[in-house]
1. Enter the Cα centre distance for the pair segment 145-195 and segment 39-114, rounded to the nearest angstrom.
2. For segment 134-267, what does the alpha-carbon gyration tensor say about shape, rounded, prolate or oblate, given a ≥ b ≥ c as the root eigenvalues, a/c under 1.5 as rounded, and a/b over b/c as prolate?
3. Evaluate E = 1/(1 + (r/R0)^6) for GLU187 and THR41, where r is the Cβ-Cβ distance and R0 equals 35 Å; express this FRET efficiency to the nearest 0.05.
4. Out of segment 254-331, which trypsin sites (Lys or Arg not before Pro) are coil in DSSP terms and have no more than 16 other C-beta atoms within 10 Å?
5. For every other residue with a beta carbon closer than 9 angstrom to the beta carbon of ASN204, add +1 if it is Lys or Arg and -1 if Asp or Glu, then tell me the sum.
6. Computed on alpha carbon atoms, what radius of gyration and Dmax characterise the chain, expressed in Å?
7. Return the carbon/sulfur percentage of the accessible area of the chain, one whole number, probe 1.4 Å, all protein chains in place.
8. Enumerate the amide H contacts of ARG135 below 5 Å, restricted to partners 5 or more residues apart or on another chain; note that Pro and chain-start residues carry no placed amide H.
Amino acid sequence: MSEIVPVRVTVCPDANDQLLYFTSTSLLADDRHLVVISDRTGHPNLFCVDMETGCERQLTFGEQGFLKSYVYFDGRPYEGFGRASVSLHPQSGTVYYIQGREIRAVDIQGNMRVLAEYPAGQMTAFTHVSTDGTRLCVPTTDERALDGDALLKGKPDYNIDARVQEEGLSSYLRVYDTGTGEEVLCEEVPHSWITHVQFSPTNNDQILYNHEWPADCGIRRVWLWDGKEHIRLRPEGDGCSRDDWACHEMWARDGQFVIYHGGYDNGPGYMGCVRPDGSDRVEIAFPQGWTQYGHFTVGNPNGFVSDGYYRQEGDLSQRAGVWITLQYVDWKAGKMEWIPLCRHGSSWDSQDSHPHPIYNHAADAVYFTSDKDGKRAVYRIDVPK
């Protein structure tokens, strides 16, 4: 199949526009309206793009820069827009985000309300809204993990996981009622640094979460809280080593499996799936040399889209991927089919320029972020039938 030419969706020439983090869709249920983060005002803010008319509406009006949090270590402590905090509920068109210590909700008409305020002395990360829109999960971590109130210049020069373990720091799964703002759950997870959370698509009591940058990543990255206990989804043994790498856990759309990927210690990359109770784990190794960093996002139960790993003959070796590809997986047979769509052209120079491809709701198009033309923009590719 010949390479597809992507279509640019966001058109502001002097702005950096990007999708929300890929564990949240950026598209409303109508697949017509797209929510993006843009710096066109001089500060990061949310905009809604009507892709039929081209009309763009500003939803937030922050003027304090960006909040210090996971990934954005050089942000302002407890002030500014949480670039990592945005979650969209596609059916209602409600966007949840953090401004300073306020947890806010805004609709695509720009109507904003303050939902709640997370506690002082806590640093935040990526949030997630439940499928039915009634719950919002905001992970927080004791501020000492990120050096308290200090303004860090880039990634900290100390080992965050080591500090969390040695000083007994905790993270918290904080769940808020999106109607009342009441904190309905605060589950402390000792000796952890949690940065990613996701409700099950079918059960709000099940929350998928991670331990970030752990020393024993192969067995301590992927976890699930089922409302009663914490389940390690990739324990040591049966081909899994603490020295492996695992990351980017995500629910299958039907909630029957958790998907993740990574690399074996001194071996190839792989993609895996496991049931929420830790059973029926299957992992499929990638071809030799396919080690470039990337992400996988679910489309349908056996279909995925990725911005990493895939290589063609002649592609230069580099740390991160260069292609947007589709994957169709037969877990029982242990086979994956890779379909290249286009080169995304992203520099991967920061978290914001990661392509983070996502399917639309109809699963007939893929959207991704790229700075291939200098500024970040959102692009679309139609999925071939």
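1. Measuring centre to centre over Cα atoms gives 21 Å.
2. Oblate is the answer for segment 134-267, as a/c is 1.5 or above yet b/c matches or exceeds a/b.
3. Computed FRET efficiency for GLU187 and THR41 comes out at 0.45.
4. Answer in residue order: ARG319.
5. Values: positive: ARG135; negative: ASP132, ASP205.
Its environment carries a net charge of -1.
6. 19.6, 56
7. 46
8. Answer set, sorted by chain and number: SER130, THR178.
The values are calculated or read from the model by the stated rules, or taken from the named source; none is laboratory data. Being a predicted model, the structure only gives us computed values, none of them experimental. Note that each Cβ is placed from the backbone with ideal geometry, even for glycine, and that neighbours are counted across all protein chains shown. To get the accessible areas, we keep the full protein, side chains included, count just its heavy atoms, and leave off ligands, DNA and RNA. Shrake-Rupley method; radii C 1.70, N 1.55, O 1.52, S 1.80 Å.
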